[in-house]
1. Computing the accessible area with a 1.4 Å probe over protein heavy atoms, can you report the carbon and sulfur percentage for the stretch 64-195?
2. At 1.4 Å probe size, with no ligands or nucleic acids counted, give the accessible surface of Val212 in Å², nearest ten.
3. Can you order the peptides 138-148, 298-308 by their average number of other Cβ atoms within 10 Å per residue, highest first?
4. Sorted by accessible area (1.4 Å probe), largest first, how do His92, His210 line up?
5. What are the ³J(HN,Hα) couplings of the stretch 194-201, residue after residue, when phi is run through the Karplus curve with 6.51, -1.76, 1.60 and θ = phi - 60°? Round to Hz, x for glycine and proline.
6. If the convex hull of the alpha-carbon atoms of the stretch 55-213 is projected onto planes in all directions, what is the mean projected area in square nanometres?
7. Please turn the phi angles of the stretch 74-87 into ³J(HN,Hα) values with the Karplus equation 6.51 cos²θ - 1.76 cosθ + 1.60 (θ = phi - 60°), one per residue in order, whole Hz, x for glycine and proline.
8. Compute the signed sum of charges (Lys and Arg +1, Asp and Glu -1) over the other residues within less than 11 Å, Cβ to Cβ, of Gln138.
Amino acid sequence: MPPSRRALLRTGLLGVAGALAGCSGREETTTQTTRTTKSTPRTTRHSTDARTTIGETTEATRTANATAVEFVHRAPVFGWGVADAGTWYYGHVLDGEGDADGLDASSVPGDVAGQDPETVRRFVADTDFETTAILAVQAEVESSSHGLDFEFVNRASSPPRVVAFLRDRDRAEFGSGVSTLLVRVPAADASRVETTVVESDFAFDGRERHPVVTFAPPNDTQFESVRVRGRDLREEAVGLPDPGGALITEPDAASAFAGAESVFSEFVRATDFDRSYLLAVRSSFDALDYFWPQSVVQDGGRVVADVRQYDPQIGINPIYSSVTLTRIRASSPPDRGTAVVRRYREARPNVPVETEIVPLSADPEKWRRATRTATTAIETTRGKTTATDTRS
């Protein structure tokens with residue numbers, strides 16, 4: 001996050017911070033982030049106990065079965081949170097009732113439509129900490145109308161990752177603040193679970209760059225990416241064919257790739273090339289496809305990057321070209337490699353439907369050359385999987 005944006009957020013703060021089992025994606029669960037408007041009691045279930053109502057029972061059942069709940073706030077809900085972390089994202093695990101007692105639900109504004117402090121309390125109280133933990137993810141937001149939204153669990157990575165989108169939550173705006181997302185995870189996975197946060201194009205349509213970050217709690221960054229998309233993103237402007245890729249391993253090559261006026265310049269300048277390098281991948285896709293690394297494995301001078309292309313499939317969209325830059329930590333950068341771009345659809349986010357191979361090189365002279373790519377389209381019909389290869 002640029003310093004100016006972070007300063008703006010801190011000014012507005014008051015000093016703030018699926019379950020993995022049985023919740024591998026949208027195709028396996030119908031319960032996502034809980035609507036937090038409390039049901040209105042309508043009639044008494046048993047005349048002998050006027051405290052128990054149909055409305056209350058419905059709310060309790062819904063909260064007990066929920067995968068996640070999100071709320072926006074300005075006062076801190078933890079003793080230590082995102083405002084203390086030095087990054088715009090933060091997370092920690094509540095793996096017992098003692099940890100859960102540290103969550104101050106009274107800081108949840110009850111006058112914000114769609115959220116309710118009692119729902120948050122009940123979500124925590126209904127969690128069975130013998131088998132389940134709560135992953136708390138936080139992100140600073142410039143507007144309270146934005147917030148985190150649990151999307152799915154990425155099982156293609158190891159360890160598994162909770163994926164959340166930062167998007168418009170359809171609520172009134174009261175200024176900057178913090179969005180906190182509570183996600184139930186199996187206790188056995190809690191100590192190793194990671195988080196990917198993706199900024200939605202829809203919610204932040206006026207921006208040129210959209211960040212994606214994968215981190216281990218509290219804020220140990222694994223991959224940090226920035227994506228630029230546009231109908232007029234020409235090859236001469238970025239130095240890459242479409243599709244194409246590059247390994248940017250030293251400052252001179254970075255300057256040639258992203259000049260002073262480039263939309264990537266700030267991200268490039270923040271890269272310490274003594275400790276890391278940049279992976280660039282260019283591709284064309286529907287307007288709402290998203291890219292981020294699932295894993296990066298280096299063996300000597302060669303690297304293989306497993307890149308997820310996530311396709312929400314909301315209908316017919318215009319085709320855009322995009323370039324995604326990812327900062328990768330390495331004491332000795334690679335000089336060649338491959339980006340394996342796997343496409344996943346929203347309906348089944350853990351089943352790749354297409355794979356494209358993009359060659360990588362650290363030599364700028366090779367970036368513009370035509371590359372051979374292999375594309376495998378995977379289709380599953382009545383339990384049978386078929387694959388078709390094409391090469392260009």
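1. Of all accessible area on the stretch 64-195, carbon and sulfur atoms account for 43 percent.
2. Accessible area of Val212: about 10 Å².
3. 138-148, 298-308
4. Of His92, His210, the descending order of accessible area is His92, His210.
5. Once rounded to whole Hz, the list reads 10, 9, 10, 10, 10, 7, 6, 5.
6. 9.8 nm²
7. Those phi angles translate into 10, 6, x, 9, 10, x, 9, x, 5, 5, 9, 8, x, 10 Hz.
8. Neighbour charge sum, excluding Gln138 itself: -3.
The values are calculated or read from the model by the stated rules, or taken from the named source; none is laboratory data. Nothing here was measured: the structure is a model prediction, and the numbers come from that model. All Cβ positions, even for glycine, are placed from backbone atoms using ideal geometry, and neighbour counts span all protein chains on display. Ligands, DNA and RNA are excluded from the accessible area calculation, which covers all protein heavy atoms including side chains. Shrake-Rupley method; radii C 1.70, N 1.55, O 1.52, S 1.80 Å.
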